[in-house]
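Working notes for the structure below.
The values are calculated or read from the model by the stated rules, or taken from the named source; none is laboratory data. Here the structure is a predicted model, which is why all the values come from computation and not from measurement. Heads up, the Cβs are rebuilt from the backbone with ideal geometry, glycines too, and the neighbour counts pull from every protein chain shown. These accessible areas exclude ligands, DNA and RNA; they are computed on the full protein's heavy atoms, side chains included. Shrake-Rupley method; radii C 1.70, N 1.55, O 1.52, S 1.80 Å.
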Amino acid sequence: MIFLGQKPHSEVIDELMNSDLFVLSSSVETFGLALLEAISCGLPAVWTRCGGVESFMQDSWGYSCEPNSVVELSNAIYNALNNELLFDIKFRKERSLYIRVNYNSKAISSLYLESLEKKV
């Protein structure tokens, strides 16, 4: 494992585009922006059910597991790496497009404003 340290956004995108799988092993996430960025690059993923990520992740994008379970996490990574469908270029493009359409700045702004209107 190589820890890359802090990187400019453009380099983060390059690293994601050159990766095979994204793993989010957090105990708690309020939203999971890093996971969203990885999916927008078409990456299949493994994630823990740690809060906010469940609001946007779809089972067809990878595997989820319980937080703090090394056994579940390692099984999810193994299953993901052995699931050829996750790496199919068509499905990589579909994942990317879905995130880019539904989670761009305009879409998020609209959702935020809607939630504010409901509270008033």
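Numerical summary
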item: One residue from Glu114, Glu72 being of a type outside the set (Val, Ile, Thr) and either touching an Asp or Glu at 6+ places or on another chain (Cβ under 6 Å) or in a strand (DSSP E or B) (or both); result: Glu72
item: Qualifying positions in region 75-111 - aromatic (Phe, Trp, Tyr) and in a helix (DSSP H, G or I); result: Tyr78, Phe87, Phe91, Tyr98
item: Residue in region 94-104 that is among the aromatic types (Phe, Trp, Tyr) and within 14 Å of the chain's Cα centre (by Cα) present; result: yes
item: Members of region 85-97 that are open to solvent by 60 Å² or more (accessible area, probe 1.4 Å) and in contact with a helix residue (DSSP H, G or I) (Cβ under 8 Å, 6 or more places away or on another chain); result: Leu85, Phe91
item: Checking Gly51 against (1) surrounded by fewer than 12 Cβ atoms within 10 Å (Cβ to Cβ); (2) under 22 Å from Leu111 (Cβ atoms), the condition it does not meet; result: (1)
item: Among (1) more than 11 Å from the chain's Cα centre (by Cα); (2) within 18 Å of Tyr98 (Cβ to Cβ) - the single one Glu72 does not satisfy; result: (2)
item: Selection count where residues are open to solvent by less than 20 Å² (accessible area, probe 1.4 Å) and part of a loop (DSSP other than H, G, I, E, B), scope region 5-40; result: 1
item: Single residue of Asn104, Asn82 found to be out of contact with any strand residue (DSSP E or B) (no Cβ under 7 Å at 6 or more places or on another chain) and open to solvent by 70 Å² or more (accessible area, probe 1.4 Å); result: Asn82
item: Flag for Ile77 being open to solvent by less than 70 Å² (accessible area, probe 1.4 Å), within 11 Å of the chain's Cα centre (by Cα) and at pLDDT 90 or above; result: no
